[in-house]
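Some notes on the structure that comes next.
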Amino acid sequence: MIVLAATPLAFDRHHYFVDDSVNGAFGQWYHLGSSLLVGRVPLLEPSVWSSGNLMAEGQWGFFNPVILAISVLAALTGDAAVFTTIVKMVAILVGAAGVYVLVRALGGRPAFAFVAGTAAPFAGFTTYFDAPSWVTGLFAWSLFPWFWAALTRVRNHRGGPLGAFIAGYLLISIGYVHGTIALVIVMGTSLLLASVRRDWGGAARIAMLGSLLAMVAIGVHLTSVLTAAVTNRSGSAIYMDQFMTLDLSGLLMSPISTALPQVAAWWWPGFTAPVPMAYISWVLPLAAIVSWRRLMRVNRSAADVLITGVFFLAFIMLPTVIGPLRYPTRMLPYVALCAVVLLAIGLDRARVVSRTRVLLAVGLLSTSFYLAWAQQPQFARRIVAAALLGLIGITLLLIVWKRFAGHRERQSVGVAITFAAVTFATFGIQQYAYPRPVWDSQQVPTSIAELQVQLSKAEGDTIVVGNPLAIEPSPELWRETLFANSWYVNPESVVNRYQLLGFQGFNSTLCLGYLGETCPELAERLFETRDDTNLQLADELSIDSVQVIKSTETARYLDSPPEGWSVADDGTFTQLWTRDEPVGRAGGIVDITPGLVVTDVVTSKEEVSMKVESTPEAGGTITFSRLAWPGYHASGATIGEVADGFLLTVDVPAGTTGAVTVRFVPAGLPAALGLLITALTGSVIWAAVAWRHRRRNNARAIEPPAEPAV
């Protein structure tokens, strides 16, 4: 398993460190871990602005002990790529072990559990999307089979609820909504089937567990939901834009490891995926030698897997935009999991090898081969190689079953060895043919030391104007600037970060993209006077440094900073402007109504306190260099109307004197903590009651019969 997980590194040593893992995940871990090491939980970062409401971002893992531990370790590492690669390989191994445990819990023998555990983690979507980039998706998928196995034990009353609750809690608290949806689907299917079978005890236990995990899900996502109204994720439209959607022909190619399905996405205007994202396993055609009627009769759990898989399959066919949800195709790893688990159980418990069925299996493989070749005939050699390996693997498995018929142990060993060998060869061909994920290398430095030298001449808060990725990425470029969450590793305070939500008014004003890129015109817009405060935008933001990315569009702004600013550094790719008189970092007061006198102002990241000496007859307003996130509360004053589309204000009534405090608490946090504590307490109490009940039943089972009366 380790060899398989390491195989992509032979072709690309940064396979597990691209795109969102570079732009998002590692920077988050580093910042969260660094904050925890100094005793602070970073709920709000005013200087980061649109990305600064960290709990509302949803995927920082504040409630997840595993993510917190990873973050602390990230803050202590010396190389981001090495650390991220190790973390992801461990996640893959955890997922593989979970699939093995799941098949065993569903009644499969060890050899076939090994088959499923080896196949599921190396499906195409996991290999080329979740593992290289979308690490929260990888984490959620790796925990899912553990939860499913524990749920099976709870339903069948073979164990207490604590294991299922812990696995479910860890999965949900990652914050990856598709993982939570997968959990809801499998629990809903189990509850439905338990009710149909009149297993009222099992249904009651699933409902109890579901109630506890529902509290966890609400607690984890509550802040994001309550904050969504002011963000870019406030829409509720449902539509199909054909972006990252997979059709049935792509799924029919899933036994061919080098097949490229028809999918339009970042590689637009191409209509064919550049990687085999729909691949599941070369063993899938052997579904033809399974007697599914017999399987449903001898293994009741097979129906659970089948129906759950159908729900997952239906999900990936949904419209591509459902309110804040994007890309239902992200559920492909769960479809792959159900397919290989169901097939493993079927080959174990209901295998029927006959001439007709074998020919049907070969026919299925041939159909997959034909569709793959017809889609990309120029890649015929790699498609033929993958198909031949699949045919060889199927042939070898049939030989093993016939040669060792009646010798279960030898047969199991033969199946495991054959499957491992063919899987390794198939995966190797795939990686040789498609050695990189879909995203180009950004060549961002991986050494922590190299990520901390940029902006050495900057003052206070800095904003980057332009898009570094519009320039050909190179090590020389990244010596002058960085991108997205890589700035979290750098000691300077930079506005431009990765954002999942983003404050809509702020992003619109600054033409700020979700990766922190801006339009070139921002170099001029920063020094325009605003309506509500009569200040320049740079003053509202408390910006002391501006780094301009050199390009054709920004050339007219270079070497001519506005009055009060000077060129502090002029590099090959960037130019840095700094204020002649710095104003300090964001979070404090930037505007105040004339006649309103305030003293003793003390500013921290979550709070501003002050003393009001006097107020005008009509009262007054204080404006802060902070975003008006839901969650702000004021004592001695009231939260006012948003200024200039995004700035926080407080209204001070006439005649007010004394202390005024403005404090930020993430929206819904007290309620979220209450729900999480209630769920944790309920699970512990339930586990204690279940343990006591089992202990009492065991004592009764071994109690000797009473002596007969004489």
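The values are calculated or read from the model by the stated rules, or taken from the named source; none is laboratory data. Since the model is a prediction, treat every value here as computed from it, not as a measurement. Every residue, glycine among them, receives a Cβ derived from its backbone with ideal geometry; neighbour counts consider all protein chains shown.
Does residue 109 meet the test of being of a type outside the set (Val, Ile, Thr), at pLDDT below 95 and crowded, with 23+ Cβ neighbours inside 10 Å? Write out each step before concluding.
Numbers: of a type outside the set (Val, Ile, Thr): yes; at pLDDT below 95: yes; crowded, with 23+ Cβ neighbours inside 10 Å: no.
The answer is no for residue 109.
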If the requirement is being closer than 19 Å to residue 607 by Cα and crowded, with 20+ Cβ neighbours inside 10 Å, which of these qualifies: 47, 35? 47
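Condition first: modelled with pLDDT of 95 or more and in a strand (DSSP E or B). Can you find one or more residues in the range 664-674 that meet it?
Step one: list which residues in the range 664-674 are modelled with pLDDT of 95 or more, which gives 664-674.
Pick out the ones that are also in a strand (DSSP E or B) and you get 664.
Yes, the range 664-674 contains at least one residue that is modelled with pLDDT of 95 or more and in a strand (DSSP E or B).
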Please indicate, with yes or no, whether at least one residue in the range 491-506 is closer than 20 Å to residue 14 by Cβ, in contact with a helix residue (DSSP H, G or I) (Cβ under 6 Å, 6 or more places away or on another chain) and either outside any strand (DSSP E or B) or among the aliphatic types (A, V, I, L, M) (or both). yes
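Quick one: is residue 101 under 17 Å from residue 170 (Cβ atoms), out of contact with any Cys (no Cβ under 6 Å at 6 or more places or on another chain), crowded, with 24+ Cβ neighbours inside 10 Å and assigned by TED's automatic domain parsing to the domain that holds residue 57? So that I can check it myself, show each step before the final result.
Numbers: under 17 Å from residue 170 (Cβ atoms): yes; out of contact with any Cys (no Cβ under 6 Å at 6 or more places or on another chain): yes; crowded, with 24+ Cβ neighbours inside 10 Å: no; assigned by TED's automatic domain parsing to the domain that holds residue 57: yes.
Spelling it out, it is not the case that residue 101 is under 17 Å from residue 170 (Cβ atoms), out of contact with any Cys (no Cβ under 6 Å at 6 or more places or on another chain), crowded, with 24+ Cβ neighbours inside 10 Å and assigned by TED's automatic domain parsing to the domain that holds residue 57.
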Of the residues 590, 601, 612, which is on the phi < 0 side of the Ramachandran plot, under 39 Å from the mean Cα position of the chain (by Cα) and assigned to a strand (DSSP E or B)? 590
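So if I check each of 625, 635, which one is out of contact with any helix residue (DSSP H, G or I) (no Cβ under 8 Å at 6 or more places or on another chain) and modelled with pLDDT of 95 or more? It would help to see each step written out before you state the result.
Details: 625 fails: out of contact with any helix residue (DSSP H, G or I) (no Cβ under 8 Å at 6 or more places or on another chain).
Going through 625, 635 in turn, the sole match is 635.
Mind checking whether some residue in the range 390-400 is among the hydroxyl-bearing types (Ser, Thr, Tyr) and surrounded by 18 or more Cβ atoms within 10 Å (Cβ to Cβ)? Even if it seems obvious, please write down each step before you answer.
Quick first cut of the range 390-400, residues among the hydroxyl-bearing types (Ser, Thr, Tyr) only: 395.
Pick out the ones that are also surrounded by 18 or more Cβ atoms within 10 Å (Cβ to Cβ) and you get none.
No, there is no match, as no residue in the range 390-400 is among the hydroxyl-bearing types (Ser, Thr, Tyr) and surrounded by 18 or more Cβ atoms within 10 Å (Cβ to Cβ).
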Out of (1) touching a residue at least 12 places away in the same chain (Cβ under 8 Å); (2) under 23 Å from residue 503 (Cβ atoms), the odd one out for residue 71 is which? (2)
Among (1) of a type in the set (Gly, Ala, Ser); (2) crowded, with 20+ Cβ neighbours inside 10 Å; (3) more than 30 Å from the chain's Cα centre (by Cα), where does residue 655 come up short? (2)
Among the residues of the range 230-250, is any in a helix (DSSP H, G or I), within 22 Å of residue 59 (Cα to Cα) and within 24 Å of the chain's Cα centre (by Cα)? yes
Please go through the range 91-145 and give me each residue that is under 22 Å from residue 59 (Cα atoms), polar (S, T, N, Q) and assigned to a helix (DSSP H, G or I), ordered by number. 126, 127, 136, 142
Hits in the range 564-592 (condition: surrounded by 19 or more Cβ atoms within 10 Å (Cβ to Cβ), polar (S, T, N, Q) and in contact with a Phe, Trp or Tyr (Cβ under 9 Å, 6 or more places away or on another chain)): 575, 578
Give the residue that is surrounded by the most Cβ atoms within 10 Å (Cβ to Cβ), with candidates limited to residues of the range 520-547 that are in a helix (DSSP H, G or I) and in contact with a strand residue (DSSP E or B) (Cβ under 7 Å, 6 or more places away or on another chain). 523
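Looking only at the range 168-182, count how many residues are among the hydrophobic types (A, V, I, L, M, F, W, C), farther than 12 Å from residue 312 by Cβ and surrounded by fewer than 24 Cβ atoms within 10 Å (Cβ to Cβ).
Kept after step one, since they are among the hydrophobic types (A, V, I, L, M, F, W, C), are these residues of the range 168-182: 170-172, 174, 177, 181-182.
Next cut, farther than 12 Å from residue 312 by Cβ only: 170-172, 174, 177.
Keeping just the survivors that are surrounded by fewer than 24 Cβ atoms within 10 Å (Cβ to Cβ) gives 170, 177.
Of the residues in that region, 2 qualify.
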